[in-house]
Structure formats: structure tokens, C-alpha cells
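Step one of this worksheet: look at the structure below.
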Amino acid sequence: MTSYRIDHGGLIDRTRPLVFTFDGRSYTGFDGDTLASALLANGVRIMGRSFKYHRPRGPWSAWVDDPNAIMNVKLNGREFPNCAATTTYLEDGMAARSVNAFPSAQFDVKGGLDLMHRWLTAGFYYKTFMWPNWHLFEPVIRKMAGLGEISRDVFEDYVSDQVHDCCDTLVIGGGGTGLAAAREAVETGENVILVDDQKTVGGGLFRTGLIEGQAAADWVEAQVAAIESGGGRVMRATTAFGIHDHKLVGLAEHGKFGCPPRLWRLRPGRIILASGALDRPITFANNDRPGVMSLDGACEFLARYGVLVGRNIATLSNNSGAESSARTLEQAGANVVTLDPTAGHACAIGGKRLRGVELNGAFHYADTILCSGGQTPLVHLWRHAGGKLDWNDDLQAFVPGKAPEGMIAVGSANGFFDLQHALDDARAVGADTARPNKKSSYKLTPLWPKPGSKGRQWIDFQHDVTIKDVELAARENYVSVEHLKRYTTLGMASDQGKTSNMSGLAAMAAVLDRPIPEVGTTTFRPPFVPQPLALYAGQRKATLFSPLKRLKLEPEHRAADAALVEYGGWLRPGWFGSGDPTEHIFNEVQLVRETAGIFDASPLGKIEILGPDAEAFVNFAFYNTIATLKPGHVRYGFLLNERGIVMDDGVVARLGDNRFVISCSSGHVDHVRDHLEVWRQDCNDPERIFVHDTTQHWSTVTVTGPRARDILEKIDTRIELAADAFPHMTVREGTFDGAPIRVARVSFTGELSFEVSIRNTYATALWNALLKSGASIGAGPVGSEAMMILRAEKGYIIVGKDTDGLTMPHDLGFTVPRLKKKAAFIGDRSLHMQVGNETDRRALVGLEVDTGSAMLSTGAHIVADGSKPRTLGYVTSSYDSPTLKRPIALGLLEQGAERIGEKITVWHLGKTVTATVCPPCFYDPEGVHLDA
Amino acid sequence: MQIFICPFCGPRDEREFHFEREAGKIRPDTTKLVSDIGWSDYLNEQRNTKGAVREVWSHLPCHELFVMERNSLTMDVIYSTSRRGPVT
């Protein structure tokens, strides 16, 4: 066993052993371990396989920057994919599985793929699988690609809480400088939040010796105590994963494994970024071998978990920070040889088990190689917020430059790698005083990937991108870093290039012989580490996402055994009665055609337009001329958008000179109201028009059928109901039980209909009175499904079902206003653009199937026959008509009006049937029933 | 997530707002002759300026349209003015 647990030290609780499995074998760790530290403590080094070549991989580092050790983890029967072993805290009973490896990470049957590496270069898929068709190969490749395996179980209770909060100062990062800055800020009286993504704050402090004369743990405890006693909050295991517009910070607070993280949407007054820095890899031959690790990472494993990653260690470092690290490892019991990689060509020797390192031809025995290629400040959040980066030649790193408003970087994140200097600086920032000016003692020799050098040298460990792939990308002219990233997939793995980006762009700079800052970085985008989508979704599901609108008459419908279904956001009776719905719906249709049905039409729009300019406004809003409508009359029409597309249809009732009621479709009311409100304020004088949506304040009960008048007559409405006194397409106002009512003679069924509208408070009485009156002649309630069939029989459309985003009013047979209306109206000019004048526009038609054939499928394509099939249109509505005793359908069809009588072919899911085009009205085309 | 300022309701979360159009665009008088190009420009041509922009937005809860000046690059909100009264 190469790595092992030393007998002292670390932040783990050695009195609490935890049992877990990895790839089926059982191991023991301690409370406070991560999966990675526990496995290393058990001598397990190979924790996964790489994405493309299936090379064995061990952890590169100890926290979020590790790209290698990714696992599927199961606990209490729940399995989660893509868990980073270095950030997953160990819990008793965990079962971890390596990914991209079968049967285990140690022995993987696809390991042989590595032998093919010569042919598996960047862009290999695109180049190889072009002929005859990529789609032939795609299923197999997709099966081979990918890392974790997602559980098919749905965790209904995996729902994130979401909290909104604010503070004066947010400190991101609980390392030395974060703690120092937060403490100062608290002491000046500010409301401070400090967040840190680990369970134990302190950052990298535990791997250093004494801090200001105190042991790291004591120093950290003193700072935390001072912050908390001053009213500051310290949030542990909380990741600041993104800074969004206007300084909104997203925090993910993690609980036990398998619990959804809690989202904090935090608005701080100012942000102190103390996110630290990462030790970057050194690019040399075979640098992806298990046992090649980050020097800082190795020290972190030792300091936090008491794990020594190797017995015979060779360090490769180009900077002054490495010396003390080497000494720490030596004191813990390792043999350490320090090598200078800037001296020449290095190569790791060994396979699954490292044997040593060769430097300039000289072999050095080692079971572990620790690399430190210099510190890279973690500037992700700085860039999210829009901060600029400057290239620092001394540090060979991008450091925070011009700051975004209200943000300041301290410590290693700012390129300050001397602890005392960084602490003094952070305190000044926390207290908002002048920052001290000191010179850094940190020294490093530039060391970057050398193109053209021997061996396979990894740049992106997770996605298997080597320096040769970068060279290839450059040869093929993918020289921009953004192109390089996408062509080679460098930095596109789940670690998002935390380790690989700097090496990648430095390699590109070297290939192009340009300075690194000229090549630049790729864009840093949230989230800093992967977050479950449930975090963003929170409770917004089902009715909490889209609240149901409820009918005033719902209790009556429930009592009448209605099947309540959602239609356009409203919970409405689909039909009445339990059991087979088809029979109920057919009976309800027949009831309307033969006697009368009573229908709750309350969701129907009731948008009032009032004011001295109301007439001109409604005339402007509608395609049809409304200005000529007389009080007491009703007109059907379309609302268009400015592109001439039918947005909704409905009837307008004129109640007086300055008062109109628009009855738009039930599902479109909110949209129409918004549309009218915008036009009212934007192109008209809002002082002279008022848009008043009364839809949810008034209920509407429709009595429809040949005997509708008989039902209404038994109720005292003070309205003369005779056909000559109250003809079709007129509106009357009356009373019911002393309450004002509005009755409109408009029909959605083709039968004599009265739409009775009343204030919600009186709706129940009205409904019951009409039902009682109807019952005496055999009439009863009908639901929405029957209405859908009734309207289709009559050829009445539903906008959005029988029309689409291209339908103009003249496609629906309403041609006159387009040619004759003088006044301006919304969308007018668009109807005469080239697209509106095309002769092959899709028009509304009826479709009849041959006798005895089944009904057409809604959505089925109407296709042109011939050698090149082409869609001419599609079926929009299709029903078995109880009235006509045969199937009926509506559709949109190219040149539909000219095709009446033609036989056409309808295609659906590989099957074709023939149908005949007919006018879109199947019932009472003369309108005898309507005018009754 | 941006904070926009409704002239009536004050600073609110951006999700409460709806973009209507760029300010300064005038609907052509369609009772007169409007060329295809003229209408197409009105429908489709946006200035899409990088930097300071003036736009018409509506605040959905109070449903008032107003003019907001903001910076499309830095996302800074500069000011909001009611369109009631003399509109500039």
C-alpha cells in the first residue's frame, strides 16, 4: 500500500469509524473523511477511468479541483451520479462505484482502448463517422460515452428550499484571509456573512505551521468565535457558485448526502472574494498516471485527513512555495526527493503502479510524484461579476484587475501568496481602510507545456486532452481559446477546466509563439461547481409553478359528479358522470343538439373597454370593423398581433357608446388583457381608455340547444327573449334575483344559445335555477369535451389549436377587412406583405374520411403524393361526431380553399389514409338553428 | 438577477417586468402608403445598441408602461421614467 493513514493529526474523528464500499469491496474510514481521503487511507489509489482512453486515474487533488475521482454513490437506496470523491463527505453505509469502468476501476475491460490513442485524436468522431451518415454510429458512440449513470428512480422529495437574504458584506472563502477580513468587517459593525464550501472552515491553513503564534485550529476557532459573537454568520458547506447580474450571489448550502442543497439568493452590499488559489499541474510525459498528484492536494490530504499519499515521493516544483510542503511531508514520514522540472524533459515511469520519474534521462525512484506548477488564483466568481483580469508576469498567472462594482479580492485569490502579507491586507479590506503595500517573497520560474516534446502529456485529465491534441487544433486553425475548447473538449468536463485551462491556453500560446495574455482565457460561467437542477427549480412544480384557476361553481360541479380537468389553466368539468367518458360526452352532445345543455362558460373572457376613445381603440385592436357596431349588438372578430398573425378570436359586445366587452378565448384572457393594456398605453391616449378585466369576477352560464329559450323563459330576467325581439348576435341587460345580468345571443355550438353573465356572488343561485328549469324538459349540465365536438361539427375554430403561428385571418375565410377596412388596425400592413400575399398559404378546411374509416389523428400530416413527399398541412382537430354518426376533422392545408372536393393523403406514424377536403362546416351550414 | 425600477412601485426583481420595445420607434400611419421596407424596418429593425439604451418596459403587477434607460453592456440601470404626461 502506497498511501496510508498516519497515526495522528487531521480533522477527522478517529473515534467514529464509518464502513463503506467501493467497487464492491468494503473499507473503513472516519467521520470527517471524504470518499477520496478514506480510499487513500486504505491504500486505494485508482478511483476511476478516463473518459476517452479508459486510462486508470487516481485523485489529482483534495477538493473541488480534482477532475479524476468521479463516482456513482448509493446511500439508503438512493443513487446519485457524478459525485466527486474529493468533495463527498463519507457517511456510514455508502456504496461507491467508479464510473466509465467495468467491472472496476482497477481492472477495466475497455482499458485496451488506450492502445488506439493514435487514432482517437481531437475531432476524431467528426472526421471518422461522416460516411455514410453520423446517425448510424451515434447510438453506439453515445452508449460508450458519458461518465456516471443516472438513477431511474424519481425522488419526489428531492426539492430544494430557496431563501432570499441580504447582508452588508459577504466574504467568500473561509481561509485565513476570508476569516481575517470578515472579523474586521464585523468589528466595524457590519452585517457579515462568511461562506465556505467545506464543513470545517480554515481553507489551506491547516497545512501551514503556526499562524500569528497560534496553531491553525486555534487561530481559526478564535476568528470564528469573534465573527459569530459580533453578529456575523459563518455558513459552512456552502458554495458560492455564481455571481449574477446586479451582484446577486447564488449560494448552495449542502446538508447530508442525498439531501437537496438549499439555495440562497443573496444580495450583499459588498463582496470580499477570498476564494484562494489552486496548485496547477505540470505537463510532462505520462503525467496522468495514478500517483501523480498536486503538491498542495497531498498536503491537504495530510492536514485535514491524516493521510500520507505516498512513501517515496518525488516533487516537481517551479516555485518557492514547495519547499515547506516537502518538509511537512518528510516530517509525516515520507522520503522526499525534490526535483526541478524546469531543468528539462520529465517522464513518469510505471503504469497502474508508479515506479519513478525520469528527468533529463536520470531515473529517480518514487511511488508518488507531487507537482506544483505555480498558484492559479480562483477568479471564477470575479469573472462572473464582470471583473477584469491582469496578467502578472512574476506570478505567471491571471490575477484580478479592474474590479466590478462592490467587489474586492484578497489573499491568494488576489495573487497574495505570503500569508502574513495577505492577512494584513485582508484586515485592511475588511475594515475598509488603506491597504498596505508589501513585496511578495513568492518566486517562480515560468514552466509551461512544451509543444513538440516527447511522450503523451496530459492537459485535461478528465476528457483525455493531450498536448498533441492542442497542436492538432492549432494546425487545423482552431487557435482561438474558445474554438480550442470546443474542438478538443479541453475544459469541458465536469471540473470545467479548473486544472486544465491554464495549461491548455499556455500550450496554445506556445504553439502559436505568442504571449499567454494575448491568447486569453475562455469565459467563466456559473456554476463554479456542478449543481443539481433541483436547486434552481425549488418548489416551483405543478400548481406552485402554474396555479390553477378555480370556478366559483366548482362545488356544484363536484356535487354533480363532474370530471374536473384543466383547460387553459382553469379547472373545469370535462364531462359529467363517472365511468366511461366517451358515452357521457356523446350523450351530452346529443342533449345539446336535441334539447339543451347548460354549460359553465365562466372562464370566457370578459374584458371591458371603457372611455371616450373606447370605440376607436376596439376598432384598432380588432381585425374586423367594430366602429359600426351598434349598442346592444355583438360581433365576432379576430385580434391580430402586429405581424398579422391571429392571436385570438372572440366576440365584442357593445353595451353603450363608450363601453364594450371583449369575450376572448378562455385560455387567452391574460395574454389578451396584457396585449390590450400595452397598446392602450403605447399607441393611444391612456387617459381616454380604460381596460378592465372582469373575467374572474363574473361567472357565465350558457344555455344552448333548440329548447334553450324554454329554459331561460322560466327565469325572471326582465328580458324579452323572442327571436325577433332578441335576435342572434345581440346583447341585453337584465336582472336575476335583483342582481344585474348580461345575456348575449352568441353560439359556440351552432344551436340557439344564451350566454348569461352574472357577478360571482349570484352565480350559484343562477346555475341552480337554470338547472332546475332545464330538468323539467330533460336538459342538464354539459362539459367542455362535448363543447369541443359541438364547435368542431359547426366548424368553429379554437385559436392555437386550429391555427398556428403563421395563420392570418384570410386563411380562415375572413377576407373582407383585409381588403376593405379603412381604419388602421393592429397587424394591418403585415397582411399585405409578401408573406400575406402568397398564393400557397395554408387555409382552414374540413376533412372527411371514407365511409367506415376510422377518425384521423390530430397532428397527422397531409402530404403531397409523388416521388418527393412534402407536408401540405396537418389535421388540427378530429372527432367522432355523434350528430353526424361519422368522423369529422379540421385541418390547415396549402391552397385549402381551392382543394375542396379533392382526395388527399394523410400520413401518421408511417401509415397513410385518404380523405376528402370539404368546407370546414359539417352541421347546419345555412345557420337555421343559429337564428332560431 | 437584475433589479429594475418601476416608477410607481420602486425597485423590483426583473422577473416582474416585461420588455416591450426599444424607445423612440413610431408606428407608421397605416392609413397612408407604407412601403414594404418601411413596415419591415418598423417590425424587425432593432438598434440593439451595445451600451446605453432606452427601452419601453411594463411592470406586470401594476401594468404600467415606462421608459427605462440602462446599459446593455454593464447591465447598470440608469433611470426609469413614467410615460404619463409629456413623453420625451
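The values are calculated or read from the model by the stated rules, or taken from the named source; none is laboratory data. These numbers come from a predicted model, not from an experiment. Positions of Cβ are backbone-derived with ideal geometry, glycine not excepted, and every protein chain shown enters the neighbour counts.
Output yes when any residue across region A:660-681 is part of a loop (DSSP other than H, G, I, E, B), out of contact with any strand residue (DSSP E or B) (no Cβ under 8 Å at 6 or more places or on another chain) and in the same structural domain as A:Gly611 (by TED's automatic domain parsing), and no when none is. It would help to see each step written out before you state the result.
Step one: of region A:660-681, the residues part of a loop (DSSP other than H, G, I, E, B) are A:665.
Subset that is out of contact with any strand residue (DSSP E or B) (no Cβ under 8 Å at 6 or more places or on another chain): none.
Taking every residue of region A:660-681 in turn, none turns out to be part of a loop (DSSP other than H, G, I, E, B), out of contact with any strand residue (DSSP E or B) (no Cβ under 8 Å at 6 or more places or on another chain) and in the same structural domain as A:Gly611 (by TED's automatic domain parsing).
In region A:651-662, how many are of a type in the set (Gly, Ala, Ser) and surrounded by fewer than 24 Cβ atoms within 10 Å (Cβ to Cβ)? Reasoning before the result, please.
Looking only at region A:651-662, we keep the residues that are of a type in the set (Gly, Ala, Ser), and these are A:653, A:656.
Then drop every residue that is not surrounded by fewer than 24 Cβ atoms within 10 Å (Cβ to Cβ), which leaves A:656.
Result for region A:651-662: 1.
Test A:Ala285 against the criterion of being in contact with a strand residue (DSSP E or B) (Cβ under 6 Å, 6 or more places away or on another chain), on the phi < 0 side of the Ramachandran plot, in the same structural domain as A:Asp418 (by TED's automatic domain parsing) and crowded, with 19+ Cβ neighbours inside 10 Å, and give yes or no. Reasoning before the result, please.
Details: in contact with a strand residue (DSSP E or B) (Cβ under 6 Å, 6 or more places away or on another chain): yes; on the phi < 0 side of the Ramachandran plot: yes; in the same structural domain as A:Asp418 (by TED's automatic domain parsing): no; crowded, with 19+ Cβ neighbours inside 10 Å: yes.
When the stated conditions are applied, A:Ala285 does not pass them.
Give region A:389-444 a look and list any residue that's under 18 Å from A:Leu179 (Cβ atoms), more than 41 Å from the chain's Cα centre (by Cα) and of a type in the set (Lys, Arg), or say none.
Scanning region A:389-444 gives a single hit, A:Arg435.
Tell me, yes or no, whether region A:251-260 has at least one residue that is within 14 Å of another protein chain (Cβ to nearest Cβ) and in a strand (DSSP E or B).
In the first step, residues of region A:251-260 are kept if they are within 14 Å of another protein chain (Cβ to nearest Cβ); the result is A:251.
Restricting the remaining residues to those that are in a strand (DSSP E or B) gives A:251.
Looking through region A:251-260, at least one residue is within 14 Å of another protein chain (Cβ to nearest Cβ) and in a strand (DSSP E or B).
Are any of the residues in region A:200-209 part of a loop (DSSP other than H, G, I, E, B) and surrounded by 22 or more Cβ atoms within 10 Å (Cβ to Cβ)?
Of the residues in region A:200-209, the ones part of a loop (DSSP other than H, G, I, E, B) are A:200-202, A:208-209.
In the following step, the residues that additionally are surrounded by 22 or more Cβ atoms within 10 Å (Cβ to Cβ) were identified as A:201-202.
So far as region A:200-209 goes, yes, one or more of its residues are part of a loop (DSSP other than H, G, I, E, B) and surrounded by 22 or more Cβ atoms within 10 Å (Cβ to Cβ).
Please give the number of the condition A:Glu713 fails out of (1) on the phi < 0 side of the Ramachandran plot; (2) in contact with a Lys or Arg (Cβ under 8 Å, 6 or more places away or on another chain).
Going through the list (1) on the phi < 0 side of the Ramachandran plot; (2) in contact with a Lys or Arg (Cβ under 8 Å, 6 or more places away or on another chain), A:Glu713 breaks only (2).
Within region A:104-140, work out how many residues are out of contact with any strand residue (DSSP E or B) (no Cβ under 7 Å at 6 or more places or on another chain) and either modelled with pLDDT of 85 or more or of a type in the set (Phe, Trp, Tyr) (or both).
Of the residues in region A:104-140, 10 are out of contact with any strand residue (DSSP E or B) (no Cβ under 7 Å at 6 or more places or on another chain) and either modelled with pLDDT of 85 or more or of a type in the set (Phe, Trp, Tyr) (or both).
For region A:682-697, enumerate the residues that are within 11 Å of chain B (Cβ to nearest Cβ) and not in a strand (DSSP E or B).
Residues of region A:682-697 within 11 Å of chain B (Cβ to nearest Cβ): A:682-687, A:691, A:693.
Residues satisfying the conditions are A:Asp682, A:Cys683, A:Asn684, A:Asp685, A:Pro686, A:Glu687.
For (1) buried (at least 22 other Cβ atoms within 10 Å of the Cβ); (2) outside the structural domain of A:Arg311 (by TED's automatic domain parsing); (3) not polar (S, T, N, Q), each residue gets a yes or a no:
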| position | (1), (2), (3) |
| --- | --- |
| A:Arg355 | no, no, yes |
| A:Thr368 | yes, no, no |
| A:Trp382 | yes, yes, yes |
| A:Asp394 | no, yes, yes |
| A:Ala397 | yes, yes, yes |
| A:Ala409 | yes, yes, yes |
| A:Ser412 | yes, yes, no |
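From the set of residues in region A:663-682 that are more than 17 Å from A:Ile797 (Cβ to Cβ), of a type in the set (A, V, I, L, M, F, W, C) and in contact (Cβ under 8 Å) with a residue 24 or more places away in the chain, which is surrounded by the fewest Cβ atoms within 10 Å (Cβ to Cβ)?
Ranking the candidates gives A:Trp679 first.
Could you tell me whether any residue of region A:891-908 is of a type in the set (Lys, Arg) and under 30 Å from B:Leu43 (Cβ atoms)? Break it down stepwise before answering.
First, the residues of region A:891-908 that are of a type in the set (Lys, Arg): A:899, A:903.
Next, from what is left, pick out any that are under 30 Å from B:Leu43 (Cβ atoms): none.
No, because not a single residue in region A:891-908 is of a type in the set (Lys, Arg) and under 30 Å from B:Leu43 (Cβ atoms).
May I ask you to say which residue of A:Leu721, A:Leu712, A:Leu655 is in a strand (DSSP E or B), among the aliphatic types (A, V, I, L, M) and modelled with pLDDT of 95 or more? Even if it seems obvious, please write down each step before you answer.
Values: A:Leu721 fails: in a strand (DSSP E or B); A:Leu712 fails: in a strand (DSSP E or B).
Testing whether each residue is in a strand (DSSP E or B), among the aliphatic types (A, V, I, L, M) and modelled with pLDDT of 95 or more leaves just A:Leu655.
How many residues are assigned to a loop (DSSP other than H, G, I, E, B), β-branched (Val, Ile, Thr) and touching a residue at least 60 places away in the same chain (Cβ under 8 Å) when one looks only at region A:37-85? Can you show your working first?
Within region A:37-85, the first condition is being assigned to a loop (DSSP other than H, G, I, E, B), and the residues that meet it are A:42-47, A:50-55, A:58-69, A:76-77, A:85.
Restricting the remaining residues to those that are β-branched (Val, Ile, Thr) gives A:44, A:46, A:64.
Narrowing further to those that are touching a residue at least 60 places away in the same chain (Cβ under 8 Å): A:46, A:64.
Counting residues in region A:37-85 that are assigned to a loop (DSSP other than H, G, I, E, B), β-branched (Val, Ile, Thr) and touching a residue at least 60 places away in the same chain (Cβ under 8 Å) gives 2.
From the set of residues in region B:19-36 that are more than 7 Å from chain A (Cβ to nearest Cβ) and basic (Lys, Arg), which is nearest to the chain's Cα centre (by Cα)?
Step by step, filter region B:19-36, then rank; the result is B:Arg21.
Given the structure, is B:Arg83 within 11 Å of chain A (Cβ to nearest Cβ), surrounded by 13 or more Cβ atoms within 10 Å (Cβ to Cβ) and basic (Lys, Arg)? Spell out the reasoning first.
Numbers: within 11 Å of chain A (Cβ to nearest Cβ): yes; surrounded by 13 or more Cβ atoms within 10 Å (Cβ to Cβ): yes; basic (Lys, Arg): yes.
So B:Arg83 passes the test.
Looking only at residues in region A:889-903 that are assigned to a helix (DSSP H, G or I) and in contact with a strand residue (DSSP E or B) (Cβ under 7 Å, 6 or more places away or on another chain), which one is farthest from A:Met787 (Cα to Cα)?
Kept after step one, since they are assigned to a helix (DSSP H, G or I), are these residues of region A:889-903: A:896-899.
Add one more test, that the residue is in contact with a strand residue (DSSP E or B) (Cβ under 7 Å, 6 or more places away or on another chain), and what stays is A:896-897, A:899.
Working: A:Gly896: 25, A:Ala897: 26, A:Arg899: 28 Å.
By that ranking, first place goes to A:Arg899.
Of the residues that sit in region A:231-246 and are buried (at least 22 other Cβ atoms within 10 Å of the Cβ) and not hydrophobic (A, V, I, L, M, F, W, C), which one is farthest from the other protein chains (Cβ to nearest Cβ)? Lay out the reasoning, then the answer.
Taking region A:231-246 and keeping what is buried (at least 22 other Cβ atoms within 10 Å of the Cβ), we get A:232, A:238-241, A:243.
Next cut, not hydrophobic (A, V, I, L, M, F, W, C) only: A:232, A:238-239.
Details: A:Gly232: 25, A:Thr238: 19, A:Thr239: 18 Å.
The selected residue is A:Gly232.
Looking only at region A:460-480, which residues are without any contact (Cβ under 8 Å) to a residue 40 or more places away in the chain and closer than 20 Å to A:Pro67 by Cβ?
Applying the first criterion (without any contact (Cβ under 8 Å) to a residue 40 or more places away in the chain) to region A:460-480 yields A:466, A:474-475, A:477-480.
Answer for region A:460-480, where residues must be without any contact (Cβ under 8 Å) to a residue 40 or more places away in the chain and closer than 20 Å to A:Pro67 by Cβ: just A:Thr466.
Here are the criteria: (1) out of contact with any Pro (no Cβ under 8 Å at 6 or more places or on another chain); (2) touching a residue at least 40 places away in the same chain (Cβ under 8 Å); (3) surrounded by fewer than 21 Cβ atoms within 10 Å (Cβ to Cβ). Tell me which single one A:Ser853 does not satisfy.
So the condition that A:Ser853 fails would be (1).
Yes/no per residue for (1) in a helix (DSSP H, G or I); (2) out of contact with any helix residue (DSSP H, G or I) (no Cβ under 6 Å at 6 or more places or on another chain); (3) basic (Lys, Arg); (4) over 23 Å from A:Phe528 (Cα atoms):
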{"site": "A:Gly387", "(1), (2), (3), (4)": "no, yes, no, no"}
{"site": "A:Asp390", "(1), (2), (3), (4)": "no, yes, no, no"}
{"site": "A:Val399", "(1), (2), (3), (4)": "no, yes, no, no"}
{"site": "A:Glu405", "(1), (2), (3), (4)": "no, yes, no, no"}
{"site": "A:Ile408", "(1), (2), (3), (4)": "no, no, no, no"}
{"site": "A:Ala422", "(1), (2), (3), (4)": "yes, no, no, yes"}
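Quick check on my filter: what residues within region B:37-59 are under 21 Å from B:Thr81 (Cα atoms), of a type in the set (Val, Ile, Thr) and within 11 Å of chain A (Cβ to nearest Cβ)?
Answer for region B:37-59, where residues must be under 21 Å from B:Thr81 (Cα atoms), of a type in the set (Val, Ile, Thr) and within 11 Å of chain A (Cβ to nearest Cβ): just B:Val56.
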